[in-house]
Amino acid sequence: MMVPYPTGGIGSFNTQHNHGARSDTAFFSFAVDWAWLLIILACIGVYTAAALITSRQHRTWPLHRYLSWTAGVLCVMLSVTGPLARSSHLSFQSHMLVHLLLGMLAPILIAYAKPVTLLLRTLPVTSARKLSRLLRSKVVHAFVHPWLAAIWNIGGMWLLYTTDLFHLMHQYRLLYAVFHFHLFAAGYLFTISILYIDLTSRRHSFRNRAVTLIIAAAGHSILSKAIYAYPPAGVPREAAEQGGMLMYYGGGAVELVLMFALCAQWFRSASPSPRSKKVLPRSDIT
Amino acid sequence: MKPIESARGNRKEREKYASRNLWTGILFGLGLVAFIDEVVFHQLLHWHHFYDKSTKDIGLVSDGLFHAFSWFATIASSFMLADLHGRHAFWLSQWLGGILLGGGVFQLYDGIIQHKLMRLHQIRYNVDIRPYDWAWNVIAALMIVAGLILILRTRHVRTHAEGADS
């Protein structure tokens, strides 16, 4: 059951009409919806074209990556435009569903589509070299360090749900956009810092990544129970309870996928049996 | 194809990986008890609660860490089990001993520290809780004892076998 936020009243975060000057009724306008639709279609189109064209010179790009990319981009679309995005502005449960789609599911699907590998094999050699030099730089290494990515990811959420930020986010369009971008970017960085699916220039040990994943998953489930116990400012108790449970179980399901994929990578690299060696990751560029 | 369970053929491998067999069992036991707790007591019987108002904050932290760790332990130990089979190094009694020990230790921690000290949740509500607590913790203690006996017996077999070899 959806529990909408009380509009207006004290304690609700949806109080635009109380602040005339700062009102943001055009959070989701018709034009914005169309712009998003075009961007999403362009993302799918460019990816597909690049994969098809480069498949003539290089190894054929497998079908599951096209599907993974499309599914990931559609998750982003559902979170930023359309009915779910609209209702996430009013209902905490919908907000939490957006959080799961944009911050957890979309990043995994997109990582499995190997966009960096595709980009490198699409670009002309000189630009590809420049890009790979950039990917090997210290700044990029720091960003995809598992610890930093986990702090960035889980810390951002703690900040959002335990301070006034959540309330403010629904009043300022810019803050709303920045947070949602952060949610996706941090989720993506975290995913690729734990799972080496795409090209990875600096690798950390399995143990390091496993411990980081466990602590981050724990941080996520502690936060979801904390939301249940102490609703964020302006969120009614029942909505916080349902949203907290959605975050707990939904997040748990996605973390299970991450853990399974990480352990499967360990198994493939550790196993002595020749059958498992056949499926070692191959380079798709050469 | 090599025989998988021929005691002579894989004894060396089993002894080489004895402690990995034990740890695989311990992790799996921890995950198994957490799984039974979640599925049987939370979801099927509805005896346990997602959150009850007397939970201390440290209880939330402990629960979150164990929740994440137990899921990881279940998955990781399953892959470790497959890896041991691949090396023809699986040792049933060492693994079973690990399951009983790991499961028992987690259940005892859950029953005494999480339920009683951190008041995370109780086994059941609106009943006299004492018989439930006793049953929970005694079963945990029995699992630990049974696990230790199994592990020590395999250790005895190992030293005995080594003695016979030399």
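Figures for the structure shown
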quantity	calculated
Scan of the range A:208-267 for residues that are β-branched (Val, Ile, Thr) and assigned to a helix (DSSP H, G or I), ordered by number	A:VAL211, A:THR212, A:ILE214, A:ILE215, A:ILE222, A:ILE227, A:VAL254, A:VAL257
The range B:48-73, residues that are touching a residue at least 60 places away in the same chain (Cβ under 8 Å), open to solvent by less than 60 Å² (accessible area, probe 1.4 Å) and more than 8 Å from chain A (Cβ to nearest Cβ)	B:HIS48, B:ASP52, B:SER54, B:GLY59
Residues that are in a helix (DSSP H, G or I) and in contact (Cβ under 8 Å) with a residue 40 or more places away in the chain, drawn from the range B:84-102	B:LEU84, B:HIS85, B:SER93, B:GLN94, B:TRP95, B:LEU96, B:GLY97, B:GLY98, B:ILE99, B:LEU100, B:LEU101, B:GLY102
A:GLY82 being within 22 Å of A:ASP33 (Cβ to Cβ) and at pLDDT 95 or above	no
Within the range A:83-100, tally of residues that are open to solvent by 30 Å² or more (accessible area, probe 1.4 Å) and assigned to a helix (DSSP H, G or I)	5
Matching residues, the range A:112-136, being of a type in the set (Lys, Arg) and part of a loop (DSSP other than H, G, I, E, B)	A:LYS114, A:ARG136
Residue satisfying condition, being surrounded by fewer than 18 Cβ atoms within 10 Å (Cβ to Cβ), more than 14 Å from the chain's Cα centre (by Cα), assigned to a helix (DSSP H, G or I) and touching a residue at least 24 places away in the same chain (Cβ under 8 Å), within set A:TYR161, A:TYR176	A:TYR176
Selection status of B:ARG130, away from every other protein chain (no Cβ under 14 Å) and exposed (fewer than 14 other Cβ atoms within 10 Å of the Cβ)	yes
Some residue of the range B:23-43 being over 12 Å from the mean Cα position of the chain (by Cα), of a type in the set (S, T, N, Q), away from chain A (no Cβ under 11 Å) and buried (at least 20 other Cβ atoms within 10 Å of the Cβ)	no
Among the residues listed as B:ALA141, B:ALA76, B:ALA135, the single one being without any contact (Cβ under 8 Å) to a residue 60 or more places away in the chain and open to solvent by less than 20 Å² (accessible area, probe 1.4 Å)	B:ALA76
Any chance A:SER205 is under 30 Å from A:LYS138 (Cβ atoms), open to solvent by 40 Å² or more (accessible area, probe 1.4 Å) and touching a Lys or Arg at 6+ places or on another chain (Cβ under 8 Å)	no
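Conditions (1) of a type in the set (A, V, I, L, M); (2) closer than 16 Å to B:TYR17 by Cβ, marked per residue:
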| site | (1), (2) |
| --- | --- |
| B:HIS85 | no, yes |
| B:GLY98 | no, yes |
| B:GLY111 | no, no |
| B:HIS115 | no, no |
| B:ALA135 | yes, no |
| B:ALA141 | yes, no |
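The values are calculated or read from the model by the stated rules, or taken from the named source; none is laboratory data. The structure displayed is predicted, hence computed values, not measured ones. Neighbour counts are summed over all protein chains in view; Cβ atoms, including those assigned to glycine, are modelled from backbone coordinates with ideal geometry. Heads up: the accessible areas ignore ligands, DNA and RNA and are worked out on the full protein's heavy atoms, side chains in. Shrake-Rupley method; radii C 1.70, N 1.55, O 1.52, S 1.80 Å.
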